[in-house]
Amino acid sequence: MTVLASTSGDVLNYALAVFFVVAGAALAYMLVRLGGTFARLSAFIRGTERDLLPVIVKSGGTIDRVNDQLDKMDVVTDSAVSMAESADTAVRAVSTAITTPVKKVSGVASGVAHGFAALRARKDVGEAVNVARDAAARRESELDEELRAASRPSPDGTPPAV
């Protein structure tokens, strides 16, 4: 069979054969290029792994040291809270120790003043004693309320004036 005496089916078979040869060559070229890309990618990953692992190890050590320091700060803050609670207890004890005698002395002074005034005005000792007791109790109550009001925060949220 000569080339000029070929039928259309033969021409299509030759064209198909040429197409498969060209497609195979193109596919082989792409696979070779893809293999080169994978080789470069593999080298890149190895290099990244080689360079990044020491950084990760160092950052792990740094995180461990930071955690140790945070543990120490936790102890310090616990100690500070304990000291603040102790100071608060001491201040309350001193405040109670000071305010109780002051209230009593203020009540006695008010009772004596009102009692002598009632004795001079009414000339009755029993009534003067009752007036003195009432005045002393009233003064102690007033002073206690003044101290409570001084320890409350003001409505705008500012701490009480000392």
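Observations, loosely collected:
- Any hit, the range 14-35, residues being touching a Phe, Trp or Tyr at 6+ places or on another chain (Cβ under 9 Å) and surrounded by 10 or more Cβ atoms within 10 Å (Cβ to Cβ): no
- Candidates 65, 40, 50 - the one that is among the basic types (Lys, Arg) and more than 41 Å from the chain's Cα centre (by Cα): 40
- Residue match in the range 99-108 (condition: out of contact with any helix residue (DSSP H, G or I) (no Cβ under 7 Å at 6 or more places or on another chain) and not in a helix (DSSP H, G or I)): no
- Residue match in the range 52-61 (condition: at pLDDT 95 or above, open to solvent by 100 Å² or more (accessible area, probe 1.4 Å) and among the aliphatic types (A, V, I, L, M)): no
- Among the residues of the range 1-13, those that are assigned to a helix (DSSP H, G or I) and surrounded by 10 or more Cβ atoms within 10 Å (Cβ to Cβ) comprise 10, 11, 12, 13.
- Enumeration of residues in the range 94-143 that are aliphatic (A, V, I, L, M) and exposed (fewer than 14 other Cβ atoms within 10 Å of the Cβ): 94, 97, 98, 102, 105, 109, 112, 121, 125, 137
The values are calculated or read from the model by the stated rules, or taken from the named source; none is laboratory data. All values derive from a computational prediction rather than experimental measurement. Note that we place each Cβ from the backbone using ideal geometry, even for glycine, and neighbour counts take in every protein chain shown. With ligands, DNA and RNA removed, areas are computed over all heavy atoms of the protein, side chains included. Shrake-Rupley method; radii C 1.70, N 1.55, O 1.52, S 1.80 Å.
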